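Take a look at the structure set out below.
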Amino acid sequence: MAQYAIDPTHPTPSRPAGLELDLFQGKCYVSLVAFLFDRVRLKGLPIPFHTRFEEVNLRFYVRRRESDGSIKRGVVFIREFVPRLAIAYVAKRFYEEPYTAIPTNHRIQLSPESLTVGYGWDFGGRSHSLAVEAAPTPNEILPNSEEDFIMEHYWGYTRRSDGTTSAYEVKHPRWQTYKPRSHEIAADFGLLYGPAFTSLTNQQPSSVLLAEGSAVSVHSGSRLSA
């Protein structure tokens, strides 16, 4: 996960109604995220040839104040890339999530001395990649840290074509992270995510995180009333 600080007035596309930007110490972040789905189930059942695949996405962070005063913190996806046409079709057709199917790949190398994780994807006639080399021992996330802010968003929000906002909850245990030693990012943000993000191509990320995943459950969504 590579975090980039942008101006809070940046014209972030697809910001759903009823939400406000969630800032960390006054900073507005977008994150380039790559990860591996593994042993995927739909309502408890595996779909043949669709249980293990990569995803790469660009997201930003939002919050919603409920009527009881509580805060729900979540993310909005600017674009999501996966290698399976059926997944992209279903996500766009029924949930209006910004999915696109493209070739993707990954590599994970673990030794007693280091952990290297890399993702690659092809789009727009060129290859893009994100890779991290880290210490091989996972660490607990410190409360109120930047890692804590980035990881602890448990809601997904989507702007629907009729102007409403849908929300779904994502549940997982608190993750651990590995301390990065180096990283390499080769991504054309303007090509991937539109002209509004072109400047990120040559911008150094504010931080890079490598997290140990876990079992995750995604719950059925609902429309927000206001």
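The table below lists the values:
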item: Scan of the stretch 64-104 for residues that are of a type in the set (Asp, Glu) and touching a helix residue (DSSP H, G or I) at 6+ places or on another chain (Cβ under 8 Å), ordered by number; result: Glu80, Glu97
item: Counted residues, the stretch 174-194 - those being open to solvent by less than 40 Å² (accessible area, probe 1.4 Å) and outside any strand (DSSP E or B); result: 6
item: Pair list, Cβ under 6 Å, 6 or more apart: the stretch 19-30 residue among the acidic types (Asp, Glu), other residue surrounded by 13 or more Cβ atoms within 10 Å (Cβ to Cβ); result: Glu20/Arg63; Asp22/Tyr61; Asp22/Val62; Asp22/Arg63; Asp22/Arg73
item: So Phe53, is it open to solvent by less than 70 Å² (accessible area, probe 1.4 Å), closer than 26 Å to Ala131 by Cβ, of a type outside the set (Asp, Glu) and without any contact (Cβ under 8 Å) to a residue 60 or more places away in the chain; result: yes
item: Verdict on Glu80 being open to solvent by less than 50 Å² (accessible area, probe 1.4 Å), assigned to a strand (DSSP E or B) and free of Cβ contacts under 8 Å to residues at least 60 places away in the same chain; result: yes
item: Number of positions in the stretch 104-161 that are at positive phi and modelled with pLDDT under 95; result: 1
item: Unique match (being over 18 Å from Val33 (Cα atoms) and over 16 Å from the mean Cα position of the chain (by Cα)) among Asp188, Asp162; result: Asp162
item: Exclusive hit being in contact with an Asp or Glu (Cβ under 8 Å, 6 or more places away or on another chain), more than 17 Å from Val30 (Cβ to Cβ) and either outside any loop (DSSP other than H, G, I, E, B) or among the β-branched types (Val, Ile, Thr) (or both), set Ala131, Ala86; result: Ala131
item: Candidate set from the stretch 135-173 (those that are free of Cβ contacts under 8 Å to residues at least 12 places away in the same chain and under 30 Å from Ser114 (Cα atoms)); member that is surrounded by the most Cβ atoms within 10 Å (Cβ to Cβ); result: Asp148
item: Every pair of residues 6+ apart whose Cβ atoms lie under 8 Å, when the first sits in the stretch 92-107 and is under 12 Å from Phe77 (Cα atoms) and surrounded by fewer than 17 Cβ atoms within 10 Å (Cβ to Cβ) while the second is at pLDDT below 95 and of a type in the set (Val, Ile, Thr); result: Glu96/Thr158
item: Given (1) closer than 23 Å to Asp148 by Cα; (2) surrounded by fewer than 20 Cβ atoms within 10 Å (Cβ to Cβ), index of the condition Val117 fails; result: (2)
item: Sole exception among (1) more than 28 Å from Lys43 (Cα to Cα); (2) open to solvent by 50 Å² or more (accessible area, probe 1.4 Å); (3) in contact (Cβ under 8 Å) with a residue 60 or more places away in the chain for Thr201, by number; result: (3)
item: Residue in the stretch 120-130 that is farthest from Leu191 (Cα to Cα), counting only those that are open to solvent by 20 Å² or more (accessible area, probe 1.4 Å) and touching a residue at least 24 places away in the same chain (Cβ under 8 Å); result: Ser129
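The values are calculated or read from the model by the stated rules, or taken from the named source; none is laboratory data. Keep in mind the model is a prediction, meaning the values are calculated, not measured. Don't worry about glycine lacking a Cβ; one is built from the backbone with ideal geometry, like all the others, and counts go over all protein chains shown. Each accessible area value is taken on the protein alone, full model and side chains, heavy atoms only, with ligands, DNA and RNA left out. Shrake-Rupley method; radii C 1.70, N 1.55, O 1.52, S 1.80 Å.
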